[in-house]
Each structure stands twice: as C-alpha cells, then as structure tokens.
1. Can you work out the accessible area per residue across the range A:100-282, with the rest of the protein chains kept in place, probe 1.4 Å, in square angstrom?
2. In µm²/s, what is D for the range A:100-282 at 37 °C and 0.692 mPa s, where D = kT/(6 pi eta Rh) by Stokes-Einstein and Rh is the Kirkwood radius from Cα pairs?
3. When all protein chains stay in place, what accessible area (Å², nearest 10, 1.4 Å probe) is found for B:Arg185?
4. For an R0 of 56 angstrom, estimate the FRET efficiency from the Cβ-Cβ distance between B:Val378 and B:Asp245 and round to the nearest 0.05.
5. If you place +1 on the Cβ of every Lys and Arg and -1 on the Cβ of every Asp and Glu, how big does the dipole about the Cα centre of chain B come out, in debye to the nearest 20?
6. Express in Å², to the nearest 10, the accessible area of B:Ser77 obtained by rolling a 1.4 Å probe over the protein heavy atoms while all chains stay in place.
7. Quick one: if the Förster radius is 41 Å, what FRET efficiency do A:Ser19 and B:Thr81 give, using the C-beta to C-beta distance and rounding to 0.05?
8. Once Lys and Arg get +1 and Asp and Glu get -1 on their Cβ, which of B:Asn169, B:Gly412, B:Gly466 lies farthest toward the positive end of the dipole of chain B?
Amino acid sequence: MYMLKYILKRIGLMLMTFSIIIVTCFVLIKLLPIPLGEGLGVDKQLIEMKLRERGYYDPIPVQLWNYVVRIVTEGDFGIGTTMPGYINQPIWDGFVSRLPPTILINVYSSLIGVPIGLGLGILAALKKNKWQDQVISTGVIVMISIPSIVFAFLIQYVLCFKLGWFPLRMESGTDYFSWEMFKSMLPAVFSLCFGSIAGYARYTRAELTEVLTGEFMLLARTKGLTRGQATIRHALRNAMVPIFPMILGEFVSVLSGSMIIENIFDIPGVGGLYLKSITVLDYDFFMLLSGFYTLVGLAAGIIIDISYGIIDPRIRMGAK
Amino acid sequence: MSELKNMDIMNIPKEKFKFSSGDISHDKKFETKPRTYFQDAMSRFCKNKGAIVGAIVILFLFLYAAFGSLLTPYAVSYNDTYFIHTLPKCEWFANTNFWDGCEDKSLNKETFDYYYYIGEESGHNAIKNQKYTQSGKLYNVRWDSYHSTGCIYKKVEAAEYENIQKYQNETGIQVIYPTVAKRNRPASIYVGQNMIANYWYKTEAKNGRLQIVYDENGDIIPVYKSHEEGKKSNDNYNSIRIEGDGENGMVYEYALPIDTGYEIRVNYYEYYIYYHSYVLKDGIEKPSFLFGTTNGGQDIFTCMASGAFFSFAFAIAVAVVNLTVGAIYGAIEGYYGGKLDLAMERFSEILGSIPTVIVITLLRLHMGNSGPIVILFVAFFATGWIGMAASTRMQFYRFKNQEYVLAARTLGAKDRRIIWKHVFPNALGTLVTKCALIIPSMIYSEVNLSYLGIISLTSGDLTSVGTILANGQGLLRLGIPHVAMFPAVFLALLLLSFNLFGNGLRDAFNPSLRGSED
C-alpha cells in the first residue's frame, strides 16, 4: 500500500515534469515559421494546404490543444513537412520503423555487457588487491574513460576494414533477425558494450567488496558454509540490491540509443532520424523525438528508484 | 567523598582552599608543523601515481593546445587542393621507414609504372628511393604521399609564367616541365583529371584500358611537345631546361599558349614551394605535415591544436560560470532547506530532465544569428550548473548542523558569514573535484556535438576536434586511418588523464570516499 502510493506519487511528478518540458518545447517550436519541403508527387502548396487544414497556422494555445487531442484520440503525432521520404506522411509510422535497429543493438549490447561486466566485477572483488583485481581495475578505468567513439573507430578500422570480419555498414532492409543482419550489427554492439562492461564491473566490485566485509558473511562462514556458498547465497544477493536497479535503469535509458554509434555504422535508428529532423527542420518529427528522449530519461530514473523498493523491502523509498 | 557529602558546598571554609603551585600542566604544544586541510590533501594527491601521471599528461596536452599552432607555419584557414589526406611526416624521420609520409603498398604493374615514372622524370620519387620488390604480379613499394601528385597542368597568366621562370633562374630548381601536346595526352575516361599530366610518355588505349607503349628496348617513349632546333617557338620559355632537352636537334616546349596566358605543366611539389615561399611568403618552406592533412587539405596538427585550445578555454570558462552559479544556488537550497529547497529542487530537476541535444537544437533554432559559441555556451550553462548545485546542496546538508556551525550561530554569526566562512570552505574540496571531472565531460560533449554536426564550430580560424573526427570517419572506411586517429588518440588521452586526475583529487580531498563511485 505504501509502495503503491509512492509509485503513484513518482509517476504523477514525472508526468508533471514531462508536460512542462514538452509544452515549453512545443511553444518554442511553434514560434518558428514552418519550413516546407517538396517530395515525390507532393508540392509545397499541397503540404501548406494540408497544414492549414490541420490548423498549423492557428494561435499556439489552440494548436497545443489540437496536438494533444489528436495524439490522445487518434494517435496522430503530425505529418512530415521536410523529412525526405516522409513528406506528407504520418510521422508515427516513420518513428516506429526506426525503433527496431536502435533497440536491438542496445539489447544485444546489454546481453553481452551485463554478464561480462558482473563477472569481471565479482572476480575483482573476490581477488581484491591481487593481480587479477589490479588488471581488471586498470582496464575498467581505461575503458570507462575512453569514449565509445574511439572504440567505434578502432573496431571499424581494424575488424571491419583491415580484417574484413564484419561489413562496414549495417545491412539495409527490415529482416532484423537474419544472420547477415546480426553480423552487421555486431561492430556497433561491441563499440557500445565496452563502456557498459566497465561500468558494471566497477559498480559490482565496489558493492561486493563492501558486502563481503559484512558481519553476516562471517556468520555464514561460521555456520559451516564454504566460501563459494557464502558468496553466492549471501554476498551476491545483497550486492545485487543496488546493482539490479542500475541494470534496469541502464536498460531503459539505452532505448534512446547512441547517436554517435548510429552515425558511425550507418544504423537506420532513432538517433539518425533525430539528427535528420534537425538538419531539415521537420518540427513534428522533432517534437515526437524530443518527447521520446525526455520520456525515456525520466522513466529510467523512476524505474531505478522504484525497483530499489521492490527488490529490497527494507528500503522504503521517499520515507521520512 | 563522605566528607564532601556532609559538607555544605556553598560554605566551604576558606582554609580548605590552597593556591595551586603554578605548575598547571597545559596541553603540550604541537612539535610538528600545523598542516592545513589543503596541504593534507596535496600530500595525499602526490602519493597517487595515477593522478600525477594524469596531471602531467593534461599539462602536456594543454601546452600542445596553447602553443601547438605556433610550431607549424600553417594556419587553421590554410588548405590545399592537392595535398589532401597526406600522410603524417616528420622531417627528422624522413630517412627512416616511420613517420616519413610514406605508406607500404602493393601495386599492380599499371599503377606501379604510373608512380615509378613520376620519379624517373622529375626526381621527385612517388616511390621512395625508386626501390621495389616484386612478389608475383605485385610490386611492394613504399609509396610517398607527398610526391604522388607528380605533375599537374596549370593555367597561369603571362605574369605568373614569367615569375616562375624567374624563380627557376634564381634557385636553379625545375618547376616547369616540358608540356605534352593535347593529342598525346590520355583521355580522362582512363585516368583522373589530375593524373593526366603525369603521362609524359607514349600511351595507347587497348581493350578499354590505358597501356604504356614501349620501344624495342622496353623503355618508355617520351612524347614531350617539341620543335626543331633553331625554329621559333611560341612558348616564350627562357629558363632552365631539363636533361636531354635539345638532343637529336629537337627542343622541348614548356607551355601551351591559351587565351588567358599559358597552360604549363608543373611539378606540384616544387610549384607548392614556389607558390608559398616566393609568392605568398607565408613562412611555409615545403609541404611537411606532422600529423598529415584532412580531406580538405588542412593541417591536422594546427587544426587540432586550435580546436583543442578552444575546447579547453571553453570548458574552463563554462565550468567557472557553472561552479559559481551552481554553488550559490546549491548553497541557498542546502542552507535554508524547507519549502524553498523543495521549490528550487523541482525547478532544477525539470531543467535537468531536458536532454542537452534538445536544448542546443532549440537554442540554435531561436538564436541562429548569435554564432555557435554563444549558443553552445548558453546550452552548456543551462543544464550544466545543476550538477554543481546538487553537490553543493548535499555538502551544505552535511555540514550545516555540525557543532562548529551551531557554535558560530550561537555566537551570533550571520547567515552569510556561516555560509562563506564555515560551511563553504569545507565543501570546496568536493566542488573542486567535481569541477575537474566536469571539464572533460564538457570537452567530450562539445566534440560530440560538432562531430554530429548539431553545432558547427568550423569557420575561418576556428575549428573543433569533432569536425576533424567527422572528416576522418569518412576516410576510415576508405582505409586512410590517420585523419581519425590523431583526434581520437587526443580525445582518449585527454579523457583518461582527466579521469585519473579527478579521481586523485577526490581521494585527496575526501579520503573516506576512496574507491567509491563519483
């Protein structure tokens, strides 16, 4: 009951923050003139007529109302005005078609990153101050500091160009689960997962070393558990309390993807769409994607906080 | 005790008291020197090897950023249309096989011949020392990116033609080479427009490919435009002639007269030297690029130094402003607490939830005329101070109820005095650390944004490391890694050393936080 109230409160606050940001964004965008582009079989007059019909030249409060009503009742986020390929088309479809590559790449990167990261972190914690720990810790600092753009360049040049193991660009098409497609996604996945491996490893090591010195660990050993048993059954479980929310939060926030990686490997994802919407000044796309990025960021924060309370009932979030 | 119990303590008889002998044992004076908090932190910092290395590397990178562009004669606005993605070359290593502007290549016969005869004609060897080994059908050579352009056809006015001849006479260096009649030049469908000028020997198109015609000895046949000795030519050439000119009674012609002057065939390497040292006099003695050039022909060493200097200066400026504003905001929040804190916290939370790219885009759309630096500054400030405010607030919550603050308050100190004299100095260590960690992240964001093209800092004498990265990324796929490599290494070194340095600072100021997160 208490938890429910807390969750509702957090979601309410999040929606408030979200609305304030989006309304501000909307007003700022609507203050600008709408650029019109021409596409195949579509000319400027036609788009302008269509926009006028949709009330894009009305006063801003009226437009805002219409915008919200259309989204709620019809799921209509607007039409493309200058985005190549989407002129005079509903933008929601364009957005949805760009989601799978972004999500897949990030899911793959988490699937690789979480086990390796946790494994390295556990190893480092168990071998604290031995050579294994020193090697891992040094590696972690290096990997955390070096940005993914550098790894991406290195991977693209060495693995894709010199050794020719992977294609230079992601395969086109929508057959996302074919082997060829998977293979062409791997360079991007690798570039992304270096950073997250290091992040997980560092966090796990820090948490686990703290838990391992706890008194209950001594008790567990005293009652006859082997070191392995005590570590797996007691230490790891407790260490997971802060680690799991982090994984969850990371998982949600990666949905927004990495514009840089998408740019380097030509991935037809959301990031590319966002960049394009800025360059061609397609404001309906910009609004939708801004909303998406903001929402993902906010949701990740909430999910981290809430999952703390669910995993470990001792933690009562927001309690006085 | 029993004596005391029965005694009326308010009326202790006088004789019960006696003077102390005067040897009250005071606390012993410290024999060691007093050490302040900062001295303490400093000594801890110095023990951290990683942090020291980080600091040295940062200093080194900063020196490069500040003075790097003075070491080369090139300016950021310098560019050249022929020396593009030229390989890095350091004159000290010119005779070695490392950093000499050359690259190991395996060429087929046609390509090999093309480069080989560039060197044969002018002595500017496109193949280093004209040395090669053969393996099967391939020729393994060290290909020199500085001489690979060879000759180009250049249209010049009569005055410049004269000037080049004057330069040749003064220095004794051959710039203009005998020209080739138009009918003897290969068609541009076989070779690139810039490559045509290097065919000074007879070629023919066979089976849709360009092939060299050899004489009976297997040598090439020069096809320089020439006339019989003694006849008058219209090339108006009165300067040094190449070896072999005038043999067999034939004299080479060095120019084709055209409407606007002459079309001459110049060795681009020598022409470049002539043009920069004799015409522009801009201090460039010869083409030699320490880090090579970009696809636009810009000197990477200079551009990166200038971009890095901008990044450093910009990040420090933003960090100082953010630190000031964030510290004041956080101090007010943390010190007064309560409803004010709640309201201010909501405000900064909302502001902080907006992704930076969105802020930048909105600013760019609305302040398009203000120039990218202003926009970037406003954008980084708009969301950057929040982190600083949050950590100041936390420090204030930590310190404001400590006994010494309560004591100060009891003694009547005003809020402002307590904030500045008692709480703030204690929070300063954390804030300095935070600042050291914010600078690299700011540089990284700036590089990212200019890499993605969301903000364009490249104009005139301004450039960004991100722009070079973007330029290099396109070349990476073509197998030319050096343009991307230098900025990538710079970025990696910078972020790594700043992280080490920042972590060292944090451990020094806050020994209790050692090994923990942020």
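1. Heavy-atom SASA per residue in the range A:100-282 reads 45 Å².
2. Working: Rh = 18.1 Å.
Result for D is 182 µm²/s.
3. 40
4. Values: r = 66 Å, r/R0 = 1.18.
With R0 = 56 Å, the Cβ-Cβ based efficiency is 0.30.
5. Numbers: 49 positive and 49 negative charges, 566 e Å.
Here chain B has a charge dipole of around 2720 debye.
6. The value for B:Ser77 is about 70 Å².
7. Values: r = 53 Å, r/R0 = 1.30.
Plugging the Cβ-Cβ distance into 1/(1 + (r/R0)^6) gives 0.15.
8. Value computed over the given set: B:Gly412.
The values are calculated or read from the model by the stated rules, or taken from the named source; none is laboratory data. Note that the structure is predicted; figures quoted are calculated from it, not measured. Ideal geometry is used to build each Cβ from the backbone, glycine not excepted, and the neighbour counts take in all protein chains shown. Just the protein is used for accessible areas: all its heavy atoms, side chains included, with ligands, DNA and RNA removed. Shrake-Rupley method; radii C 1.70, N 1.55, O 1.52, S 1.80 Å.
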